[in-house]
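Novice: Dropping a structure here in structure tokens format, bear with me for questions.
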Amino acid sequence: PGNAQETINELKADGYNVVVNRVGGTPLEQATVVAVRPGQTFSRTDSGNPGDSLQTTVTSKTVYVDVK
């Protein structure tokens, strides 16, 4: 819990796609975070070159931020 805008900015800086679920019309700078919930994460696994070991790379990760 905390300032909604700061939380959203921190999550975006960490590489998350942020989906905001807002209750009411309070500006994000004045809103409070009620919950942060995990969303879907997409990754791919490949070897780069035949015979190399497999490596998994996260290509996209999403979180849902509930604010009011």
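The values are calculated or read from the model by the stated rules, or taken from the named source; none is laboratory data. For clarity, every value in this text was computed on a predicted model and none was experimentally measured. Cβ atoms come from the backbone with ideal geometry, glycine included; neighbour counts cover every protein chain shown. To get the accessible areas, we keep the full protein, side chains included, count just its heavy atoms, and leave off ligands, DNA and RNA. Shrake-Rupley method; radii C 1.70, N 1.55, O 1.52, S 1.80 Å.
Novice: With charges only on Cβ, +1 for K and R and -1 for D and E, what is the dipole size of the chain about its Cα centre, in debye, rounded to 20?
Specialist: Dipole size: approximately 240 debye.
Novice: Rounded to a whole number, what % of the accessible area of the chain do carbon and sulfur atoms account for, probe 1.4 Å?
Specialist: After summing per-atom areas, the C and S share lands at 47 percent.
Novice: Return the long-range amide H neighbours of Thr26 (sequence gap of 5 or more, or a different chain), with a cut-off of under 5 Å between placed amide H atoms.
Specialist: Counting only residues 5 or more places away or on other chains, the set is empty.
Novice: Further, regarding this structure: Given Cα positions, please report Rg to Rh for the chain, the hydrodynamic radius being the Kirkwood one.
Specialist: 1.22
Novice: Subtract the Cα-Cα distance of Asn9 and Thr62 from 0.36 nm times their separation in residues, and report this length gain in nm to one decimal. Walk me through the numbers before you get to the answer.
Specialist: On the way: separation 53, 0.36 × 53 = 19.08 nm, distance 1.35 nm.
Gain on extension, Asn9 to Thr62, equals 17.7 nm.
Novice: Got a sec? Charge dipole of region 1-63, +1 on Cβ for Lys and Arg, -1 for Asp and Glu; which of Ile8, Pro27, Ser53 is way out at the positive end?
Specialist: Result: Pro27.
Novice: Among the DSSP beta bridges whose two residues both lie in the chain, what percent are antiparallel, rounded to the nearest 5?
Specialist: 65
Novice: Describe numerically, in nm with one decimal, the distance between label points set 7 Å from Cα along Cα→Cβ at Ser43 and at Val19.
Specialist: 2.1
Novice: Can you tell me the accessible area per residue over the chain, all protein chains present, probe 1.4 angstrom, in square angstrom?
Specialist: It amounts to 71 Å² per residue over the chain.
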